[in-house]
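Notes follow once the structure below has been shown.
The values are calculated or read from the model by the stated rules, or taken from the named source; none is laboratory data. These figures come from a predicted structure and were not determined experimentally. In this analysis, Cβ positions are derived from the backbone assuming ideal geometry, glycine residues included, and neighbour counts consider all displayed protein chains. Ligands, DNA and RNA are stripped out before the accessible areas are found, and what is left, the full protein with its side chains, is counted by its heavy atoms. Shrake-Rupley method; radii C 1.70, N 1.55, O 1.52, S 1.80 Å.
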Amino acid sequence: MVDQVRVSAIAEKVSARLQRRYAIEKRFRLYGITSIVVALGFLAVLLISIISQGYTAFVQAEVQLPITFDATVIDPDGTHSKTALSSADYASLIRTALTARFTDADDRSGRRELMALVSQGADLEIRKLVLDDPSVIGTTRTLWLPVAASVDQLLKGHMSRDADKGGQFTTRQLAWIDDLSASGNLKARFNKWLFTAGDSRQPELAGVWGAVVGSFYSLVVTLALSFPLGVATAIYLEEFATRNRWTDIIEVNINNLAAVPSIVFGLLGLEIFLNVFNLPRSAPFVGGLALTLVSLPTIIIAARVALKAVPPWIREAALGLGASRLQMVMHHVLPLAMPGILTGTIIGMARAVGESAPLLMIGMVAFIVDVPASPMDPSTALPVQIYLWAASPERAFVERTSAAIIVLLCFLALMNATAIYLRKKFERRW
């Protein structure tokens, strides 16, 4: 009887402990699910905020005008020389078309108010058309030209019509805008400048293409340097280096460099690449060198992990069949580790494309209008372009900042999706 009571007490204690353990496991699972939900909630809020502010930048208001390419204005000498065509007063052609449409703008202030509705860079579009095809001189063509950023913001609902609430238009200007909108000569169209132009002081003409090309050149330089150096370093440390105090010091320093703030690498690049080697400031080539310093530790660590994941019996089998140590590594271990190496490299490059601090330190924060033609031309990068637009006071740059962030996020998502695809397709389980 006593034994039965003792067994029953022990069973109750075990049951109570199991219940507590199950309760702890349920709470832990609940905490994990709650953490994931909260993280996804913050991510959703961030994405919704960016997309809601940036999607309107993918369209741009344009005005349709019949432009008469007056030969007396464009090429009075009739020589069709490039100098004469480049220096012509194309803004007067736009003024003539507008005053012909709105005859009430018959004084100087009226013409000034009328021209304020059109982008200051609209004449550059006409100039480009004439330089590409001089045969248009003497003809009349209907063109879609960009309007001023303030008009674009008014049509998108980001600006009030009331001057007391931040509106920038007179009663006469509002009447002209309403007339053009009602007639279908003023409407939103796809913003081609956002994806074909470089930076600009006029928000309506500012684009990300120059920054995208600069980022591309920087990434090419980074990949060309960091991938072979990182893989070679990982192979030496993992397959050939003897285990001693010096290799331990090297491994510790590589792991520490992976956690160093990126601005430190920017300071190093500023001192070595610009001050010592006198490389051109603001060039994507120098930006690629600085980003190489950032991504190299990550690639080395990822490559070492991939090499360690290869089973030791593959090495032993290769050596047992007479392969040299170098043949064993190059013909057997490295091909099997390459999927993991590529995944780590793409993740390291994805980190590099989002870095701005090293690029700021080497001067890629300059205002660059032209799209770079080579890695040695002055340029900026996409993260730096976002930083520059975020610091601009114009309201139109707010939506373009978010639009540039969307482009950057899409590029990062593409790179990470590529890394996942490569890992799933080529990964081997032992």
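Of note:
- Filtered residue count, the range 390-417, keeping only those that are among the polar types (S, T, N, Q) and crowded, with 18+ Cβ neighbours inside 10 Å: 2
- Summed over the range 125-142, residues that are surrounded by fewer than 17 Cβ atoms within 10 Å (Cβ to Cβ) and in contact (Cβ under 8 Å) with a residue 40 or more places away in the chain total 8.
- Restricting Ala381, Ala373 to residues that are under 20 Å from the mean Cα position of the chain (by Cα) and open to solvent by 70 Å² or more (accessible area, probe 1.4 Å) narrows the list to Ala373.
- Failed criterion for Ser218 (all others in (1) at pLDDT below 90; (2) in a helix (DSSP H, G or I); (3) not hydrophobic (A, V, I, L, M, F, W, C) hold): (1)
- Of the helices (runs of 4 or more DSSP H) lying entirely inside the range 143-213, those containing at least 3 residues that are surrounded by 16 or more Cβ atoms within 10 Å (Cβ to Cβ) are 149-155, 171-182.
- Residue under evaluation Leu30, criteria (1) more than 26 Å from the chain's Cα centre (by Cα); (2) touching a residue at least 12 places away in the same chain (Cβ under 8 Å), criterion not met: (2)
- Restricting Ser200, Ser183 to those that are closer than 22 Å to Arg400 by Cβ and out of contact with any Ser or Thr (no Cβ under 8 Å at 6 or more places or on another chain) reduces the list to Ser200.
- Within the range 143-170, residues that are polar (S, T, N, Q) reach partners that are at pLDDT below 85 and open to solvent by less than 50 Å² (accessible area, probe 1.4 Å) with beta carbons closer than 8 Å, at six or more positions or on different chains, in the pairs Ser150/Met159; Gln153/Met159; Ser160/Gly166; Ser160/Gly167; Gln168/Met159.
- Filter result (of a type in the set (D, E, K, R), part of a helix (DSSP H, G or I) and more than 21 Å from Asn191 (Cα to Cα)) within the range 390-428: Arg423, Lys424, Lys425
- Taking the conditions (1) surrounded by fewer than 16 Cβ atoms within 10 Å (Cβ to Cβ); (2) part of a helix (DSSP H, G or I) in turn, Glu113 satisfies each one other than (1).
- Of the helices (runs of 4 or more DSSP H) that lie entirely inside the range 58-101, those containing 1 or more residues that are crowded, with 20+ Cβ neighbours inside 10 Å and of a type in the set (A, V, I, L, M, F, W, C) span 71-74, 91-101.
- Test for Ile51: is it touching a residue at least 60 places away in the same chain (Cβ under 8 Å), open to solvent by 60 Å² or more (accessible area, probe 1.4 Å) and either within 30 Å of Leu131 (Cα to Cα) or under 35 Å from the mean Cα position of the chain (by Cα) (or both): yes
- Residue, surrounded by the most Cβ atoms within 10 Å (Cβ to Cβ), within the range 244-276, restricted to residues that are touching a residue at least 40 places away in the same chain (Cβ under 8 Å) and not in a helix (DSSP H, G or I): Ala258
- Residue under evaluation Lys424, criteria (1) farther than 18 Å from Phe195 by Cβ; (2) in contact (Cβ under 8 Å) with a residue 24 or more places away in the chain, criterion not met: (2)
- Contacts under 6 angstrom Cβ, first residue in the range 277-300 being closer than 10 Å to Leu359 by Cβ and outside any helix (DSSP H, G or I), partner open to solvent by less than 10 Å² (accessible area, probe 1.4 Å) and of a type in the set (A, V, I, L, M), 6 or more apart: Ser282/Met364
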